[in-house]
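Okay, structure first, notes after.
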Amino acid sequence: MENVTYLTFVLDNDLFAVDVKSVLEVLEQQHITKVPKAPEGILGIINFRGEILPVIDSRKRFNLPPRSETEKVFVIILEVELNDKRYLISATADGVKGVFELTREEVKPVPEMGLSYDARFISGVIHLDGQFILVVKPSKLFSISDLKSVVE
Amino acid sequence: MDLSQFKKTFIEEASERLTSLDNTLIELEKDPGNSLHINEAFRSMHTIKGGAGMYGYEAIVEVTHAIESLYDKIRHNHGKVPQPLINLTFAAADHIRDLLEDENLVNEGLVLRHSELMIAIKTMFENAAAIIPGGLNQEDADGVAGNEKLGVTNTWNILFYPDEQIITRAINLRYVFHDLTELGDCHIGHEPYEVDGRQAWSILLVTNEPYEEIESVFLFVLDYCIIVKLADCDIFDPMHLQLRDQYLVDKDLPEMESVQEETCKIVSESLGKLDAGNTRGLVQSTSRINVEAGKLDHLMYLVSELVTTKSELILALEKKNVDKALSAAEKIDKLSKLFSENALDVRLVPLNEMLIRFKRLIYDLSKYLKKEVNFEIIGGDTELDKNIIDHIGEPVMHLIRNCIDHGVELPEQRRSNGKPEAGTIRFEAVKSGNYVYLSISDDGNGIDVDYVYNKAVEQGFVEPNIKLSEKEIFELIFLPGFSTAQSLSDISGRGVGMDIVRKKIQEMRGEISIISQKGIGTTFQVKLQQSVSIIETLLIEADGVTYALPIEDIDTCSLDFSDEQLSRKNKQLGYNGRLIPFISLRDKFSNDHQTGLISGKVIIINKSDKNYAIVVDKIIGEYQAVVKPIGMAFSNQPFLSGASLLGDGSIALLLDTDHLWEEIAS
């Protein structure tokens, strides 16, 4: 049976999970450089190992209320594959919970109803300790225009 | 092993071979009997055939094999290349380019063209057979290289041009000659003799082995050899003395010239149609780069220095010797600067690599337009960053097209104007400081200032009765949507317009302008940075964000203006006795739209005739910025041309002064 390791993170009061295979690093309290007239949903840019990456405002993507300026922010660096190309992207999180392992069978399909999020971004739901965790599809979360090509 | 990687290399190398083949053919047209060029054409086809066979491009193998056999025939018979064959080879080269992209022949048009081409080649073979003495038997028509029969003694003449490269490629010629003597009687002339200005050794070989065997002996040095069959016998045999004399007289063999023009009429026609505005192969960007060995030697030297200094530093730190550590750190600092210079240097590519592809375009285009054009290159060894070379090809090509299409007149007209029939298009490149200046000029009929002005009024770009200077009228040509063409010509009517040319050049932080004199000619002048990766900037701050401004765009900085002056409604500042518009970065880019506090430092921008001021909160200082792309996410912010990392890991946004100006205007 194939096991998958997930990283869980918090947005507002909800829990989300992403396959650790696509996570490169989690940065704490990263200074985000604001970019004037940036497109909606993009907070700015960060310097990640000498590469400049745009930062996606995850709360905005999931239609959650905006984070207050004083709150601590994490940045998750993700590597996604799209049309056979690898891209680096970063997205904010309010907090990172930890890592856990599951079999694929424990990830249930997304219910068609009762979801306040855009179902396109979600690949499944995990029921764990009385809590729902939404599994995020990184490649769907970001449009091609958000992505930045990685030199292979 | 990853085969696809090799395949990619094959495609790149094949494209390069085809480009050099184009140029060889252009030379052959001028001098159809030049054995070096004939051999080169043969070799190009042969090399491509080898690779194509290995990677399963069956159709390419078929074409190259057939064409190769034709050239082989000519070089064996000391013949000349007839014009129809040159046209046919051009068509074949283009066809191979298409086949490289479509190996499985998915495109039906390609399949059709393939069979047309093969028929044309076959027809040429059949016609050639009637003309060449000895004839080509059916075996030849099917493409077998030689017509010698196995076991029959033949005499071969091998012209061997020793080249320096043989030494650098570490080829041991001893084995070559050893193997050669194994084949049969070998007579090597004692004096090298001169052919086409090159020293050659003439070797006479009497053998009963087939041609392939000789070729395999010279396998590694085939590029420096011409192998020709002299006679179907041993010419050193006294029995054949008479025959030998006859062969030597016959060496001056008739040419293939009289092959009917019709032979490949279909192909030449489609060639003209296809290539009039063809851009194929011109804007290719290769992922490999050829680097001068000297630059790499320098890199190796730097690496060894770095390794030594690193050990010094570690040793000094272990011994806690601060002085030694500091001096080592200083050395590393110096080395890192040398490294960055070297890295930029390695990226520089001579313009010739791009220009070599233009020759074919000019050839095709001038043929199509029935004009005669000489292409002159001055300063082709000038180097530019690879990135710029990759992007400048298309705009420069468009400028050259413009010169041929609109500039150079038809031969009759030129004659009646007292000019030589052939027009001249000159490409000049000069390096000055961190800039490279290109000029593309023609000696054609120039730009008619009044005509352009009237057209602009007619199309509503200029209000009637407004007088414009000559320079301003030339500027009109760069307006989007503006066209001076009387009829949409096949060439300049398609592809990019002059506005796109200017846009592309500006994207590379370059500039373009026109000088023209009616009846004398037109010159496009392009100014480019040699390297765009590192630029001198001024760091400034506005609303908590750090920006970098290219220093070359700045006229004056750090002027103080009062709040009162800056809050004027008209957004104009007095500078040097005239009013110039200003933009406040805080005002323009701030998210919370606070107005009021706008006082700060003023920077005057002067970039290609644009004069305006930028108001910032703080001027930080000069900074040598390594420019990094900020990604597609910000494609809607053209006023940002990139970003740069500062020493502390924070980011400065690089401002594009051209687009910032447009922000003001909007």
Inset, instruction - Please state, as a whole number in µm²/s, the translational diffusion coefficient that the Stokes-Einstein equation yields for the range B:325-433 at 37 °C and 0.692 mPa s, with Rh defined as the Kirkwood radius across alpha carbon pairs. - result: 197 µm²/s
Legend entry - Distance (nanometres) between label positions extended 7 Å along Cα→Cβ at B:Phe6 and A:Val26: 4.6 nm
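Compute the signed sum of charges (Lys and Arg +1, Asp and Glu -1) over the other residues within less than 14 Å, Cβ to Cβ, of B:Ser469. Numbers along the way, then the final one.
On the way: positive: B:Lys467, B:Lys471; negative: B:Asp450, B:Glu470, B:Glu472, B:Glu475, B:Asp609.
So the surrounding residues net to -3.
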Legend entry - Principal semi-axes in Å for the range A:1-99 [√(5λ), Cα gyration tensor, largest first]: 22, 18, 12
Legend entry - Residues whose placed amide H lies under 5 Å from that of B:Thr556, excluding near-sequence neighbours: B:Ile604
Inset, instruction - Report the FRET efficiency, 1/(1 + (r/R0)^6), for A:Asp14 and B:Val626, where r is their Cβ-Cβ distance and R0 is 45 Å, rounded to 0.05. - result: 0.65
Legend entry - Two-decimal Rg to Rh for the range B:19-133 - Kirkwood Rh, Cα set: 0.96
Inset, instruction - Subtracting the Cα-Cα distance from 0.36 nm times the residue separation, let me have the gained length for B:Asp345 to B:Glu182 in nm, one decimal. - result: 53.8 nm
Inset, instruction - Label the range B:352-529 by shape, choosing from rounded, prolate and oblate, from the square roots a ≥ b ≥ c of the eigenvalues of the Cα gyration tensor; if a/c is under 1.5 it is rounded, and otherwise prolate applies when a/b is larger than b/c, oblate when it is not. - result: oblate
Inset, instruction - Report the label-to-label distance for B:Asn321 and B:Asn104 in nanometres (one decimal), using points 7 Å from each Cα along the Cα→Cβ vector. - result: 6.8 nm
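Give the calculated FRET efficiency between B:Ser304 and B:Asn23 to the nearest 0.05, with a Förster radius of 41 Å applied to their Cβ-Cβ distance.
0.55
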Legend entry - Distance from the range B:52-123 to the range B:459-481 (C-alpha centre basis), Å: 49 Å
Inset, instruction - Would you pull out the residues with amide H under 5 Å of A:Ser123's amide H, same chain only if 5 or more places away, H placed 1.01 Å from N? - result: A:Val135, A:Val136, A:Lys137
Inset, instruction - Counting other beta carbons within 10 Å of each Cβ, put B:Leu538, B:Leu326 in order, fewest first. - result: B:Leu326, B:Leu538
Inset, instruction - Count the net charge of all other residues whose Cβ sits under 13 Å from the Cβ of B:Met54, scoring Lys and Arg as +1 and Asp and Glu as -1. - result: -1
Inset, instruction - Mind giving me the FRET efficiency for B:Leu112 and B:Ile664? R0 is 51 Å, r the Cβ-Cβ distance, nearest 0.05 is fine. - result: 0.35
Legend entry - Label-to-label distance, nm, for residues given as B:Ser469 and B:Asp448 (7 Å Cα→Cβ offset): 2.5 nm
Inset, instruction - Take A:Thr103, B:Thr9 and order them by how many other Cβ atoms sit within 10 Å, fewest up front. - result: A:Thr103, B:Thr9
Inset, instruction - Using the structure shown, select from B:Lys295/B:Lys527; B:Lys471/B:Lys610; B:Lys431/B:Lys518; A:Lys34/A:Lys85; B:Lys295/B:Lys628 the pairs with a Cα to Cα distance greater than 19 angstrom. - result: B:Lys295/B:Lys527; B:Lys431/B:Lys518; A:Lys34/A:Lys85; B:Lys295/B:Lys628
Inset, instruction - Would you mind ranking A:Ile76, B:Ile314, B:Ile226 by Cβ crowding within 10 Å, fewest neighbours first? - result: B:Ile314, B:Ile226, A:Ile76
Legend entry - Span from the the range B:332-382 Cα centroid across to the the range B:387-419 one, whole angstrom: 17 Å
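Read-outs throughout are calculated quantities, based only on the coordinates presented, and are distinct from any laboratory measurement. Keep in mind it's a predicted model, so treat the numbers as computed, not measured. As a convention, Cβ positions derive from the backbone with ideal geometry for all residues, glycine included, and neighbour counts pool all protein chains shown.
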